[in-house]
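See below for the structure under consideration.
What follows draws every value from the coordinates through simple rules; no lab data is involved. Treat the numbers as computed from the prediction; the structure is a model and nothing was measured. Every residue, glycine among them, receives a Cβ derived from its backbone with ideal geometry; neighbour counts consider all protein chains shown.
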């Protein structure tokens, strides 16, 4: 069965966004972008919360953005997208919306043939997936910055999650990619 991988950028002090939603601290330069591109080659589907999908699900980089960002967005926009939402239904031509029966729907998707599934987030969806025991792998790109405030990665988690360390990669920019598998 395909794995659900939470792959997310996080600051050293555990935030996924700054106090005003900013992600300008996220560094995708050089080999950091290459590590992420390698990850994208191993997934077919992306799980979004509705807010994250509205912000980033069909993001089109501007003319002046780096070529690496344009390439990453092009690859992401070719993936199958599922959006967990209480307000949108059906399919918008880019994604399928899931409104209820989350564990059952996730199991149906996991059993389809293909590569692994990226749990993109946001924070509320990550919490739901963690509390339902649906995350198989935590892959955190820890960026060398301390914000002091913002949206924490882990919030309202109901039970302890035991993990096994799978390894770490580092980039020249100082980003550390740590991967952990959930102990089952």
In nm, give the distance between the simple-model label positions of residue 75 and residue 107, each being 7 Å from the Cα along the Cα-to-Cβ direction. 3.3 nm
As a test of the formula, what do you get for the chain when each DSSP H run with n ≥ 4 contributes -39,500 (n - 2.57) and the sum is divided by the residue count, at 222 nm and rounded to the nearest 500 deg cm²/dmol? -6000 deg cm²/dmol
Once you keep just the Cα pairs under 8 angstrom separated by 6 or more residues, what percentage relative contact order results for the stretch 80-122? 27 percent
Considering Cα pairs under 8 angstrom that are at least six residues apart, work out the relative contact order of the chain and quote it in whole percent. 37 percent
Simple spin-label model, 7 Å along Cα-to-Cβ: residue 96 to residue 169 in nm? 2.9 nm
When DSSP assigns beta bridges and you keep just the ones with both residues in the chain, what percent turn out antiparallel, to the nearest 5? 40 percent
Between residue 55 and residue 183, what is the spin-label point distance in nm, taking each point 7 Å from the Cα along the Cα→C-beta axis? 3.3 nm
Considering only DSSP beta bridges whose two residues both sit in the stretch 8-115, what percent are antiparallel, to the nearest 5? 10 percent
